[in-house]
Amino acid sequence: MLTEGVSLIDSRSDRVVMEPNPTYWNPARRPTVRIVYDNVIGKDEGIKSVAAGDGRVDVVFDLTPAEAKSFPDSAHGKIQTKKAKTILTGVFNENRPASPWRNPEARRALNLAIDQAFVLEHGAHGYGTVIPAFIQPGRYGADPDMKPMPHDPEGAKRTLDGLGLGGRELVFVASPAWKGVVDAIDQCLAKVGMGCHFVSAKDEPPAEFDVKLEWYFDWTPQYPVACVHREFFGRDATLRQGPEDPKFDALYEKLLHTPETETEGVVREVERYLQDEAKALFLYSPFTLFAVSDRVEFTPYDTCMSELAETRIKG
């Protein structure tokens, strides 16, 4: 991908240099600036460079919400956001023996106990969008009539207590970057007489964990079936997260054999089924975050990746 728009890639131990290719076949996408991708300057140092305006770094990719929140007021740079094709969701551990999360009532009750807006604001400093299921509102396959699950702590407590789950301390496995999200979830669970504690995904998770926070692609029209749906539920997936689900498999089969003009309607059926069965702990869609110098006009590509070849930088 890098070679299409450049005439020279100078790859050394510390950096990749991309020179403009004046003979690139597509004039509308012909590069005009020289770009150096530095592999030595650390993220923290790069963020400080953007804020200080010292000219060493113009764009830092993939900031965490905490890094973006702590970016200082600066006349030389800013935090730039992009709605990426990703979701942050909780995967219930249904595979352990006698897992209570095989019960859709329990899964739904835990969803009702979580205030998604609170988790987004206090766990991710507002950098994201609350979602009703797996597809972001406005994207292909999203059902405009679907709403995020309501926050109903009283109803959640009644159900969880009735199922014998009241008072439990749940184990949440997550990347260290999402610890703030787990802490916010813990505050929500406290209101229903429960709690949770964080286990780093870098460690070996205990067999008895309850929920694992995962970051996934949402639906994309390039594939006949939603990637995230396949990873969770599709029968040919390598990472089926729960027990066999004949109802979902029937929807999956229907989607595979639906004419392209009718595919979106079936995808919406899948989305509604996932929410009705509370197949996951629905949270939000994170923003992709960048620290950007005012020396450049930076436009990230509409993706969850931060590949330099997919951006526009005008010097």
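Computed from the coordinates by the stated procedures, all read-outs in this text should not be read as laboratory data. All figures in this text were calculated on a predicted structure; none of them were measured in a lab. Cβ: placed from backbone, ideal geometry, glycine included. Neighbour counts: every protein chain shown.
For beta carbons closer than 9 Å, sequence separation of 6+ or different chains, a first residue in region 199-212 that is closer than 15 Å to Pro176 by Cβ and a second that is polar (S, T, N, Q) and surrounded by fewer than 18 Cβ atoms within 10 Å (Cβ to Cβ), the qualifying pairs are Ser200/Ser175; Ala201/Ser175; Lys202/Ser175; Lys212/Gln241. Of the residues making up region 140-157, those that are of a type in the set (D, E, K, R), in contact with a helix residue (DSSP H, G or I) (Cβ under 8 Å, 6 or more places away or on another chain) and more than 30 Å from Glu260 (Cβ to Cβ) are Asp152, Lys157.
Does region 27-47 hold any residues that are over 19 Å from Arg295 (Cβ atoms) and in a loop (DSSP other than H, G, I, E, B), and which are they? The answer is Arg30, Asn39, Val40, Gly42.
For first residues located in region 73-96 and closer than 30 Å to Leu274 by Cβ, partners that are charged (D, E, K, R) and assigned to a loop (DSSP other than H, G, I, E, B) and lie 6+ apart or on another chain with Cβ distances below 6 Å form the pairs Lys85/Asp218; Ile87/Asp218; Asn93/Asp210. Considered as a group, the residues in region 48-64 that are out of contact with any strand residue (DSSP E or B) (no Cβ under 7 Å at 6 or more places or on another chain) and assigned to a helix (DSSP H, G or I) include one that is surrounded by the fewest Cβ atoms within 10 Å (Cβ to Cβ), and that residue is Ala52.
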